[in-house]
Amino acid sequence: MQYDLEGRIRTMKCEGAMVGKCRLCLQDGVILKRSHYLPAGVYRLLRDTTGLSNPNPYQLTGRGSVQTSKQQREFLLCNDCEQRLCKQGENWVLAHAKQPTGAFALESILSKATPSVYELGNPTKLYETALIPEVNRDALLYFAASVFWRGSIHGWNDDGSVPVNLYSYKEQFRRFLMGDLPFPRSASLWVIVRDGEEISQLTYAPSGLSRFGITMYRFTIPGFVFMLSVGRKIPERLRQYCILRGAGNPVVQTTIAEPWLMAEAREKLQQGMKARQNRQGGR
Ligand SMILES: [Zn+2]
């Protein structure tokens, strides 16, 4: 009897898996999981537990916005690599992110520490995590790098385009995630702790732009904004707050992120509406 490979793959797809090459460890012929773009745990942070409004998360995509339970997933990684991402970044970061209950473990840790830069009336504080052993900066760096990298290996956008361009550094990011190389020298990662209530659940996948040979992307989840700059000529002002290579391994806590996050959300909403109108007009 001939082995029904297609039938087997169909069955595995139904079970949420298929056979192929893992994009992270590059092993071929392995069972692939339906990997998330933004980790599943992020969606749990977005659930409204009050029962008063739509329980589905409010999610902004590169091409518009939807209030949806639809999660962006694709067959990309093997089980070992999924576990690697969980253990090395996601588990710690999501446990310390802002929860639907309002609890925010990282904020509590920072509130007991002394900021290195802080003036009365200034909405921004700078903490040197080298002095705060409770802050797992390896997990923060790994988690953010893994989300930006995931954005660079698949056409997650509605039109099939790839949302993040890491240019020639993509392979270095992959090898960093595999533990083979240090975090790329030509990259700088800022971790911003969001201080403010207004839109604490606002979440969106990486978006960014490229200018003067430097590429900057950011994404936000409850409690955090992660900003990545990549390029050979990253200016010192972008390097100085890098959690890995900035002096004292800094994180920034600020209220000023909220207005520009909101402005960006509005812009994405308008883009989405325009795209929908164009689609309808084209019919
Ligand atoms: Zn793998």
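Estimate the FRET efficiency between LEU120 and ARG266 by the formula 1/(1 + (r/R0)^6), using the beta-carbon distance for r and 45 Å for R0, to the nearest 0.05. Don't jump to the answer; show the numbers that get you there.
On the way: r = 31 Å, r/R0 = 0.69.
FRET efficiency, LEU120 to ARG266: 0.90.
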Collect residues whose amide H, placed 1.01 Å from N in the peptide plane, falls under 5 Å from the amide H of PHE75; neighbours closer than 5 in sequence don't count. SER35
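Using only alpha carbons, build the gyration tensor for region 106-190 and give me the equivalent ellipsoid semi-axes, biggest first, whole Å. Present the calculation step by step, with values, prior to reporting the outcome.
Values: eigenvalues 198, 54, 27 Å².
Equivalent ellipsoid of region 106-190: 31, 16, 12 Å, largest first.
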Take MET262, MET216 and order them by how many other Cβ atoms sit within 10 Å, fewest up front. MET262, MET216
Exceeding the 24 Å Cα-Cα cut-off - candidates LYS21/LYS170; LYS21/LYS87; LYS170/LYS233; LYS170/LYS274; LYS21/LYS233: LYS170/LYS274; LYS21/LYS233
Taking every pair of alpha-carbon atoms in region 148-224, give the share separated by more than 21 Å as a whole percent. 37 percent
Evaluate region 206-251: find the radius of gyration of its Cα atoms, find its Kirkwood radius, and give the ratio Rg to Rh. 0.99
Rounding to the nearest 20 debye, state how big the charge dipole of region 111-259 is about its Cα centre with +1 on each Lys and Arg Cβ and -1 on each Asp and Glu Cβ. 640 debye
Figure the gain on full extension for ASP158 and LEU244 (residue separation times 0.36 nm, minus the Cα-Cα span) and round it to one decimal in nm. 27.6 nm
For region 86-184, build the charge dipole from Cβ charges (+1 Lys, Arg; -1 Asp, Glu) around the Cα centre, then report which of GLY179, TRP149, THR129 sits farthest towards its positive end. GLY179
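Read-outs: derived from the displayed coordinates by stated rules, not from any lab. Model, not experiment: these values are computed from the prediction. Glycine gets a Cβ as well: all are built from the backbone with ideal geometry, and neighbour counts include every protein chain shown.
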